[in-house]
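Undergrad: Submitted below is the structure of interest, expressed as C-alpha coordinates.
The values are calculated or read from the model by the stated rules, or taken from the named source; none is laboratory data. These numbers were taken from a predicted model, which means no experiment stands behind them. Note that we place each Cβ from the backbone using ideal geometry, even for glycine, and neighbour counts take in every protein chain shown. Note: areas computed on protein heavy atoms with side chains; ligands, DNA, RNA excluded. Shrake-Rupley method; radii C 1.70, N 1.55, O 1.52, S 1.80 Å.
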Amino acid sequence: MNEHISSAYDRDLEGITTLVMRMGGLVEEAILKAAKSLADRDVELAEEVRGADKAIDALELQINEEAARTIALRAPVSKDLRSLLTVLRLAASLERIGDYAKNIAKRTGVLVELNPVSGSDTALRRMAREVESMLKDTLDAYVRGDAELAEDVRQRDLEVDQMYNALFREFLTFMMEDPRNITACMHLHFMAKNIERMGDLTTNMAEQVIYLVTGEMPEEARPKDDKTAYLTGPN
(Lines give C-alpha, C1' and ligand atoms only; values in the text may rest on other atoms or scores of the structure.)
Protein backbone atom coordinates (compact mmCIF):
# COMPACT_ATOMS: atom_id res chain seq x y z
CA MET A 1 0.00 0.00 0.00
CA ASN A 2 2.80 2.44 0.88
CA GLU A 3 4.50 1.71 -2.42
CA HIS A 4 1.24 2.36 -4.27
CA ILE A 5 0.77 5.71 -2.50
CA SER A 6 4.37 6.66 -3.21
CA SER A 7 4.02 5.78 -6.89
CA ALA A 8 0.81 7.78 -7.19
CA TYR A 9 2.44 10.76 -5.49
CA ASP A 10 5.41 10.58 -7.84
CA ARG A 11 3.08 10.65 -10.85
CA ASP A 12 1.18 13.60 -9.41
CA LEU A 13 4.39 15.54 -8.74
CA GLU A 14 5.73 14.77 -12.20
CA GLY A 15 2.55 16.16 -13.74
CA ILE A 16 2.74 19.31 -11.63
CA THR A 17 6.43 19.78 -12.45
CA THR A 18 5.55 19.61 -16.15
CA LEU A 19 3.03 22.40 -15.62
CA VAL A 20 5.61 24.51 -13.79
CA MET A 21 8.11 24.10 -16.61
CA ARG A 22 5.46 25.00 -19.20
CA MET A 23 4.58 28.09 -17.20
CA GLY A 24 8.25 28.97 -16.86
CA GLY A 25 8.72 28.70 -20.61
CA LEU A 26 5.86 31.11 -21.23
CA VAL A 27 7.27 33.56 -18.71
CA GLU A 28 10.76 33.40 -20.26
CA GLU A 29 9.19 34.11 -23.65
CA ALA A 30 7.20 37.02 -22.21
CA ILE A 31 10.34 38.64 -20.78
CA LEU A 32 12.22 38.48 -24.08
CA LYS A 33 9.26 39.54 -26.20
CA ALA A 34 8.46 42.49 -23.93
CA ALA A 35 12.05 43.75 -24.23
CA LYS A 36 12.07 43.16 -28.00
CA SER A 37 8.78 45.01 -28.44
CA LEU A 38 10.38 48.05 -26.80
CA ALA A 39 13.59 47.85 -28.82
CA ASP A 40 11.69 47.44 -32.10
CA ARG A 41 8.84 49.78 -31.14
CA ASP A 42 6.57 46.86 -32.03
CA VAL A 43 3.12 47.55 -30.61
CA GLU A 44 1.66 44.33 -32.02
CA LEU A 45 4.31 42.26 -30.24
CA ALA A 46 3.61 44.17 -27.04
CA GLU A 47 -0.07 43.31 -27.36
CA GLU A 48 0.89 39.67 -27.87
CA VAL A 49 2.75 39.74 -24.55
CA ARG A 50 -0.25 41.25 -22.82
CA GLY A 51 -2.60 38.65 -24.28
CA ALA A 52 -0.32 35.73 -23.42
CA ASP A 53 -0.45 36.66 -19.74
CA LYS A 54 -3.85 34.96 -19.52
CA ALA A 55 -2.24 31.60 -20.27
CA ILE A 56 0.32 32.18 -17.52
CA ASP A 57 -2.41 33.01 -15.02
CA ALA A 58 -4.39 29.93 -16.05
CA LEU A 59 -1.38 27.68 -15.49
CA GLU A 60 -0.82 29.09 -12.00
CA LEU A 61 -4.44 28.31 -11.15
CA GLN A 62 -4.07 24.78 -12.52
CA ILE A 63 -0.85 24.21 -10.56
CA ASN A 64 -2.50 25.42 -7.35
CA GLU A 65 -5.47 23.12 -7.88
CA GLU A 66 -3.32 20.10 -8.67
CA ALA A 67 -1.04 20.72 -5.70
CA ALA A 68 -4.01 21.12 -3.35
CA ARG A 69 -5.56 17.93 -4.71
CA THR A 70 -2.32 16.00 -4.21
CA ILE A 71 -1.94 17.24 -0.65
CA ALA A 72 -5.52 16.22 0.14
CA LEU A 73 -5.26 12.78 -1.47
CA ARG A 74 -1.71 11.73 -0.63
CA ALA A 75 -1.15 13.50 2.72
CA PRO A 76 2.56 14.01 1.97
CA VAL A 77 5.06 14.66 4.75
CA SER A 78 8.68 15.74 5.04
CA LYS A 79 10.39 16.31 1.68
CA ASP A 80 7.28 15.31 -0.29
CA LEU A 81 5.31 18.09 1.35
CA ARG A 82 8.26 20.46 0.89
CA SER A 83 8.22 19.67 -2.83
CA LEU A 84 4.58 20.68 -3.16
CA LEU A 85 5.01 23.85 -1.11
CA THR A 86 7.97 24.76 -3.30
CA VAL A 87 5.85 24.26 -6.41
CA LEU A 88 3.23 26.68 -5.09
CA ARG A 89 5.86 29.33 -4.36
CA LEU A 90 7.54 28.91 -7.74
CA ALA A 91 4.21 29.28 -9.53
CA ALA A 92 3.34 32.42 -7.56
CA SER A 93 6.69 34.01 -8.44
CA LEU A 94 6.34 33.06 -12.10
CA GLU A 95 2.89 34.64 -12.23
CA ARG A 96 4.26 37.86 -10.76
CA ILE A 97 7.17 37.94 -13.20
CA GLY A 98 4.66 37.51 -16.01
CA ASP A 99 2.76 40.52 -14.66
CA TYR A 100 5.93 42.62 -14.78
CA ALA A 101 6.52 41.57 -18.40
CA LYS A 102 2.96 42.61 -19.18
CA ASN A 103 3.54 45.97 -17.48
CA ILE A 104 6.58 46.57 -19.67
CA ALA A 105 4.55 45.75 -22.77
CA LYS A 106 1.85 48.22 -21.69
CA ARG A 107 4.34 51.09 -21.63
CA THR A 108 5.69 50.28 -25.10
CA GLY A 109 2.53 51.72 -26.65
CA VAL A 110 3.19 55.04 -24.92
CA LEU A 111 6.89 55.16 -25.76
CA VAL A 112 6.37 54.73 -29.50
CA GLU A 113 4.81 58.19 -29.47
CA LEU A 114 7.80 59.77 -27.72
CA ASN A 115 11.33 60.60 -28.80
CA PRO A 116 13.71 57.68 -28.08
CA VAL A 117 16.27 58.03 -25.30
CA SER A 118 19.70 57.14 -26.65
CA GLY A 119 20.97 53.69 -25.65
CA SER A 120 18.11 52.92 -23.27
CA ASP A 121 16.40 50.26 -25.37
CA THR A 122 19.61 48.26 -25.79
CA ALA A 123 20.43 48.51 -22.09
CA LEU A 124 16.97 47.39 -21.02
CA ARG A 125 17.04 44.49 -23.44
CA ARG A 126 20.42 43.37 -22.10
CA MET A 127 19.09 43.55 -18.56
CA ALA A 128 16.00 41.55 -19.54
CA ARG A 129 18.14 38.88 -21.21
CA GLU A 130 20.17 38.49 -18.03
CA VAL A 131 17.03 37.99 -15.95
CA GLU A 132 15.65 35.52 -18.49
CA SER A 133 18.92 33.58 -18.29
CA MET A 134 18.69 33.55 -14.50
CA LEU A 135 15.13 32.26 -14.70
CA LYS A 136 16.07 29.51 -17.14
CA ASP A 137 18.89 28.37 -14.85
CA THR A 138 16.58 28.45 -11.83
CA LEU A 139 14.07 26.19 -13.56
CA ASP A 140 16.89 23.87 -14.63
CA ALA A 141 18.16 23.79 -11.04
CA TYR A 142 14.66 22.90 -9.85
CA VAL A 143 14.29 19.98 -12.26
CA ARG A 144 17.82 18.68 -11.61
CA GLY A 145 17.82 19.31 -7.86
CA ASP A 146 20.96 21.41 -8.32
CA ALA A 147 21.52 23.66 -5.30
CA GLU A 148 24.86 24.94 -6.65
CA LEU A 149 23.26 26.26 -9.83
CA ALA A 150 20.52 27.88 -7.74
CA GLU A 151 23.18 29.56 -5.59
CA ASP A 152 24.88 30.83 -8.74
CA VAL A 153 21.60 32.51 -9.70
CA ARG A 154 21.44 34.18 -6.28
CA GLN A 155 24.87 35.70 -6.82
CA ARG A 156 24.00 36.96 -10.32
CA ASP A 157 21.19 39.14 -8.98
CA LEU A 158 23.90 41.62 -8.00
CA GLU A 159 24.70 42.19 -11.68
CA VAL A 160 21.05 42.99 -12.40
CA ASP A 161 21.04 45.52 -9.56
CA GLN A 162 24.16 47.15 -10.96
CA MET A 163 22.58 47.42 -14.41
CA TYR A 164 19.51 49.01 -12.85
CA ASN A 165 21.56 51.52 -10.86
CA ALA A 166 23.47 52.55 -13.99
CA LEU A 167 20.23 53.07 -15.92
CA PHE A 168 18.71 55.03 -13.06
CA ARG A 169 21.64 57.45 -13.11
CA GLU A 170 21.47 57.77 -16.89
CA PHE A 171 17.77 58.58 -16.82
CA LEU A 172 18.32 61.26 -14.19
CA THR A 173 21.04 62.81 -16.36
CA PHE A 174 18.83 62.80 -19.46
CA MET A 175 15.98 64.44 -17.56
CA MET A 176 18.20 67.15 -16.10
CA GLU A 177 19.78 67.90 -19.47
CA ASP A 178 16.47 68.26 -21.30
CA PRO A 179 13.05 68.42 -19.59
CA ARG A 180 11.48 67.09 -22.80
CA ASN A 181 13.00 63.71 -21.88
CA ILE A 182 11.18 63.50 -18.55
CA THR A 183 8.08 61.60 -19.70
CA ALA A 184 10.01 59.01 -21.71
CA CYS A 185 12.61 58.56 -18.98
CA MET A 186 9.96 58.03 -16.34
CA HIS A 187 8.37 55.26 -18.38
CA LEU A 188 11.76 53.72 -19.09
CA HIS A 189 12.67 53.89 -15.43
CA PHE A 190 9.55 51.99 -14.43
CA MET A 191 10.41 49.38 -17.07
CA ALA A 192 13.91 49.04 -15.62
CA LYS A 193 12.44 48.73 -12.14
CA ASN A 194 10.07 46.02 -13.35
CA ILE A 195 13.02 44.04 -14.72
CA GLU A 196 14.95 44.52 -11.48
CA ARG A 197 11.96 43.16 -9.57
CA MET A 198 11.87 40.19 -11.94
CA GLY A 199 15.45 39.51 -10.90
CA ASP A 200 14.46 39.64 -7.24
CA LEU A 201 11.60 37.19 -7.79
CA THR A 202 13.86 34.86 -9.76
CA THR A 203 16.35 34.96 -6.90
CA ASN A 204 13.55 34.12 -4.47
CA MET A 205 12.78 31.12 -6.66
CA ALA A 206 16.42 30.05 -6.56
CA GLU A 207 16.33 30.21 -2.77
CA GLN A 208 13.25 27.99 -2.76
CA VAL A 209 15.12 25.47 -4.90
CA ILE A 210 17.99 25.50 -2.39
CA TYR A 211 15.47 24.92 0.40
CA LEU A 212 13.90 22.05 -1.53
CA VAL A 213 17.24 20.33 -2.12
CA THR A 214 18.93 20.96 1.24
CA GLY A 215 16.03 21.44 3.63
CA GLU A 216 17.42 24.83 4.67
CA MET A 217 17.19 28.36 3.36
CA PRO A 218 20.53 30.06 2.55
CA GLU A 219 22.05 31.47 5.72
CA GLU A 220 23.86 34.38 4.10
CA ALA A 221 21.86 37.31 2.82
CA ARG A 222 21.95 37.63 -0.94
CA PRO A 223 24.22 40.34 -2.35
CA LYS A 224 22.19 43.45 -3.20
CA ASP A 225 23.20 46.68 -4.88
CA ASP A 226 19.94 48.52 -5.51
CA LYS A 227 20.84 51.97 -4.23
CA THR A 228 17.61 53.61 -5.40
CA ALA A 229 14.99 51.74 -3.38
CA TYR A 230 14.57 54.55 -0.87
CA LEU A 231 13.84 56.91 -3.78
CA THR A 232 11.57 54.75 -5.90
CA GLY A 233 9.50 52.90 -3.29
CA PRO A 234 7.23 49.98 -4.20
CA ASN A 235 6.10 49.63 -7.82
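Undergrad: So what are the ³J(HN,Hα) numbers for the range 84-89, from phi and the Karplus equation (6.51, -1.76, 1.60; θ = phi - 60°), rounded to whole Hz, Gly and Pro as x?
TA: 6, 5, 5, 4, 4, 6
Undergrad: Hey, if you put +1 on the Cβ of every Lys and Arg and -1 on every Asp and Glu Cβ in the chain, which of N181, A92, A206 ends up farthest toward the positive end of that dipole?
TA: Highest projection toward the positive end goes to N181.
Undergrad: Here is a further query. Given the Cα-Cα distance of M21 and K136 and 0.36 nm per residue of separation, how much length would full extension add, in nm?
TA: 40.4 nm
Undergrad: Cα-Cα over 21 Å: which of K36/K193; K106/K136; K54/K106; K36/K136; K54/K193; K106/K193?
TA: K106/K136; K54/K193
Undergrad: A further question follows. Using a basic spin-label model with each label point 7 Å from the Cα along Cα→Cβ, how many nm lie between E65 and A92?
TA: 2.0 nm
Undergrad: Report, in debye and to the nearest 20, how large the dipole of the chain comes out about its Cα centre when Lys and Arg carry +1 and Asp and Glu carry -1 on their Cβ.
TA: 480 debye
Undergrad: What FRET efficiency comes out for the pair R129/R82, r = Cβ-Cβ distance, R0 = 30 Å, nearest 0.05?
TA: Taking R0 as 30 Å, the efficiency between R129 and R82 is 0.40.
Undergrad: Sticking with this one: Quickly estimate the mean residue ellipticity at 222 nm for the chain, helices only: each DSSP H run with n ≥ 4 gives -39500 (n - 2.57), and the total goes over all residues, rounded to 500.
TA: One gets -30500 deg cm²/dmol as the mean residue ellipticity at 222 nm.
Undergrad: Find how much the distance from E113 to K224 grows on full extension, using 0.36 nm per residue of separation minus their present alpha carbon separation; answer in nm with one decimal.
TA: Roughly 36.5 nm would be gained on extension.
Undergrad: Once Lys and Arg get +1 and Asp and Glu get -1 on their Cβ, which of Q162, M127, V117 lies farthest toward the positive end of the dipole of the range 100-187?
TA: The Cα lying farthest towards the positive end belongs to V117.
Undergrad: Counting only heavy atoms of protein chains, what accessible area per residue, in Å², does the chain have with a probe of 1.4 Å?
TA: Solvent-accessible surface per residue comes out at 49 Å².
Undergrad: Just to make sure I understand: if all protein chains stay in place, what is the order of L111, L61 by accessible area at 1.4 Å, largest first?
TA: L61, L111
Undergrad: Points 7 angstrom from Cα along the Cβ direction at A72 and V143: gap in nanometres?
TA: 3.0 nm
Undergrad: Does the range 86-138 come out rounded, prolate or oblate by the C-alpha gyration tensor, with a ≥ b ≥ c the root eigenvalues, rounded set by a/c under 1.5 and, if not, prolate when a/b is larger than b/c and oblate if not?
TA: Oblate, because a/c is 1.5 or more while a/b does not exceed b/c.
Undergrad: Ignoring any ligand, DNA or RNA, what whole percent of the accessible area of the chain comes from carbon and sulfur when the probe is 1.4 angstrom?
TA: C and S fraction of accessible area: 52 percent.
Undergrad: So, one more: List the GluC sites (Glu not before Pro) in the range 113-147 that DSSP assigns to loop (not H, G, I, E or B) and whose Cβ has at most 11 other Cβ atoms within 10 Å. Which are they?
TA: Qualifying residues, ordered by number: E113.
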